[in-house]
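This report concerns only the one structure given below.
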Amino acid sequence: LWLFNADSVPWVTMKPEDAMSSLVFGSYIYDLSSLEVTSDGRTAKFSFEGSSADDYKVKLDGNDYDLERYKQFYQALIKAPAEEICLTDEGIGRLMASVVLSYNNGKEKETVEFYETDENKVIIKKNGVTSFRCRSSFVEKALIPNILKLQGNEEFVTNW
């Protein structure tokens, strides 16, 4: 018979959420060759040239776009939280927003979709696989408004 102090065997009470990253997006800004965001029938397509701060150029829908403004948008985007592991489509509703990332480092294209549910949560699918849930406020108060603000000069929402 063995007796252990709970502090000496922390894995006994560990949950999968404790070991996973809390971020949906894990890509470095200079690894992207394109980024497409869609919501409510509106799509914004970013394309990139260069691989470092010295030579990086951004275009939005084929037009030159301010690099600093893009960085602000991207920083807000990657704050998408993976708050819970979700392996079921139970209660899934309409597609609220999607993000497609293409990489210049050989990594395969990645699609992240945010689906409405009945319980103030959003189901997040990565490459078609149901993966996470987060509060719907991220999509409703940050992601969708930020997509709409791309063409203007309003500050992006970073708190929801």
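The values are calculated or read from the model by the stated rules, or taken from the named source; none is laboratory data. As the structure is a prediction and not an experimental result, all values here were calculated from the model. Note that we place each Cβ from the backbone using ideal geometry, even for glycine, and neighbour counts take in every protein chain shown. These accessible areas exclude ligands, DNA and RNA; they are computed on the full protein's heavy atoms, side chains included. Shrake-Rupley method; radii C 1.70, N 1.55, O 1.52, S 1.80 Å.
Miscellaneous remarks
- The range 140-159, subset free of Cβ contacts under 8 Å to residues at least 60 places away in the same chain and assigned to a helix (DSSP H, G or I), residue nearest to Gly93 (Cα to Cα): Glu140
Every residue, every condition in (1) under 13 Å from Phe25 (Cα atoms); (2) at pLDDT 95 or above, yes or no:
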residue	(1), (2)
Asp64	no, yes
Tyr70	no, yes
Leu101	yes, yes
Phe132	yes, no
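- Filtered residue count, the range 138-160, keeping only those that are out of contact with any Lys or Arg (no Cβ under 9 Å at 6 or more places or on another chain) and loosely packed, with under 14 Cβ neighbours inside 10 Å: 3
- Restricting the range 20-61 to residues that are in a loop (DSSP other than H, G, I, E, B) and over 17 Å from Asn105 (Cα atoms), the residue that is farthest from the chain's Cα centre (by Cα): Asp54
- Residue check, Val112 at pLDDT below 95, in contact with a strand residue (DSSP E or B) (Cβ under 8 Å, 6 or more places away or on another chain), closer than 20 Å to Trp160 by Cβ and open to solvent by less than 40 Å² (accessible area, probe 1.4 Å): no
- Scanning the range 93-134 for residues that are of a type in the set (S, T, N, Q), touching a helix residue (DSSP H, G or I) at 6+ places or on another chain (Cβ under 9 Å) and in contact (Cβ under 8 Å) with a residue 40 or more places away in the chain gives Asn104, Asn105.
- Residue within the range 101-116 that is in a strand (DSSP E or B) and small (Gly, Ala, Ser) present: yes
- Some residue of the range 120-137 being within 14 Å of Leu35 (Cα to Cα) and open to solvent by 40 Å² or more (accessible area, probe 1.4 Å): no
- Residues that are open to solvent by 40 Å² or more (accessible area, probe 1.4 Å) and either in contact with a Phe, Trp or Tyr (Cβ under 6 Å, 6 or more places away or on another chain) or outside any loop (DSSP other than H, G, I, E, B) (or both) within the range 68-82 comprise Glu68, Lys71, Gln72, Gln75, Ile78, listed in sequence order.
- Contact map, the range 21-47: residues that are under 19 Å from Ala142 (Cα atoms) paired with residues that are open to solvent by 30 Å² or more (accessible area, probe 1.4 Å) and in a loop (DSSP other than H, G, I, E, B), Cβ distance under 6 Å, separation 6+ or inter-chain. Pairs shown: Phe25/Ile78; Lys45/Asp61.
- Qualifying residue in the range 88-109 (condition: of a type in the set (Asp, Glu) and surrounded by 17 or more Cβ atoms within 10 Å (Cβ to Cβ)): no
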